[in-house]
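Colleague: Here it is: the structure, laid out below.
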Amino acid sequence: MQADPLNVIVTCTNRKKGDLHPDTQLRSIKEKDLYPRLARWTQALTTYSAKGIPALDLYCGNYWSVIRGMVKNNTTFGHVRFWVVSAGFGLIPIDRPICSYAATFSSSQPDSVLPEKPSRFTHEEWWNGLGEWHKHQGDSISCIADLAKAYPSEPLIIALSPDIS
């Protein structure tokens, strides 16, 4: 007997496969204001993700080997949709091709989404900006609220770390 469908949201990780291009490291984005910073960042992600690999295959580490095992054995769990929360990409399906990148919500890191202290914008504004980018690309699900609305009768499991890389 197969379980009811559900959605699982997991956090990305700092460890990634592939070559990291300087343009896909937030430390290289010099703009301090939200919209110019987001525009430069999302342009770089769009450019380099054209030859990207699925998020599932990009992330490394013990945590991600468990996630890969869960995806591989998805028939054991029933129908599960896996999603990734990323400071660099926002909310994406686990099979979305993406490039290697360096971005974090941790304020003390060189690749922080907030370019300086005090910042001219908040983490929430950055997150919302990534959601708008996804909507402009035609994604119907660009945030957790959209996911909950799209599948209102399906459970939603969220497993995130305090600082999402």
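Colleague: Given (1) out of contact with any helix residue (DSSP H, G or I) (no Cβ under 7 Å at 6 or more places or on another chain); (2) of a type in the set (Ser, Thr, Tyr); (3) open to solvent by 40 Å² or more (accessible area, probe 1.4 Å); (4) at pLDDT 90 or above, identify the lone condition not met by residue 11.
Modeller: (3)
Colleague: Out of the residues in region 97-115 that are open to solvent by 60 Å² or more (accessible area, probe 1.4 Å) and out of contact with any Ser or Thr (no Cβ under 8 Å at 6 or more places or on another chain), state the one that is nearest to residue 28 (Cα to Cα).
Modeller: Here is the first cut: in region 97-115, the residues open to solvent by 60 Å² or more (accessible area, probe 1.4 Å) are 97, 108-110.
Among the residues that remain, those that are also out of contact with any Ser or Thr (no Cβ under 8 Å at 6 or more places or on another chain) are: 108-110.
Details: 108: 16, 109: 13, 110: 9 Å.
Residue satisfying both the conditions and the ranking: 110.
Colleague: Got a sec? Which of 6, 56, 38 is under 17 Å from residue 158 (Cβ atoms), of a type outside the set (Asp, Glu) and surrounded by 14 or more Cβ atoms within 10 Å (Cβ to Cβ)?
Modeller: After applying the criteria, what remains is 6.
Colleague: Shifting gears a bit: With respect to residue 40, is the statement that it is in contact with a helix residue (DSSP H, G or I) (Cβ under 7 Å, 6 or more places away or on another chain) and of a type in the set (D, E, K, R) true?
Modeller: Details: in contact with a helix residue (DSSP H, G or I) (Cβ under 7 Å, 6 or more places away or on another chain): no; of a type in the set (D, E, K, R): yes.
Here the answer is no, as residue 40 does not meet what is asked.
Colleague: If you scan region 68-87, which residues turn out to be open to solvent by less than 20 Å² (accessible area, probe 1.4 Å) and out of contact with any helix residue (DSSP H, G or I) (no Cβ under 7 Å at 6 or more places or on another chain)?
Modeller: Result: 78, 85, 86, 87.
The values are calculated or read from the model by the stated rules, or taken from the named source; none is laboratory data. What you are looking at is a predicted structure, and each value in this text was computed from that prediction instead of being measured. Here Cβ is always computed from backbone atoms with ideal geometry, including for glycine, and neighbour counts include all displayed protein chains. Accessible surface is based on the protein model in full, side chains and every heavy atom, while ligands, DNA and RNA are left aside. Shrake-Rupley method; radii C 1.70, N 1.55, O 1.52, S 1.80 Å.
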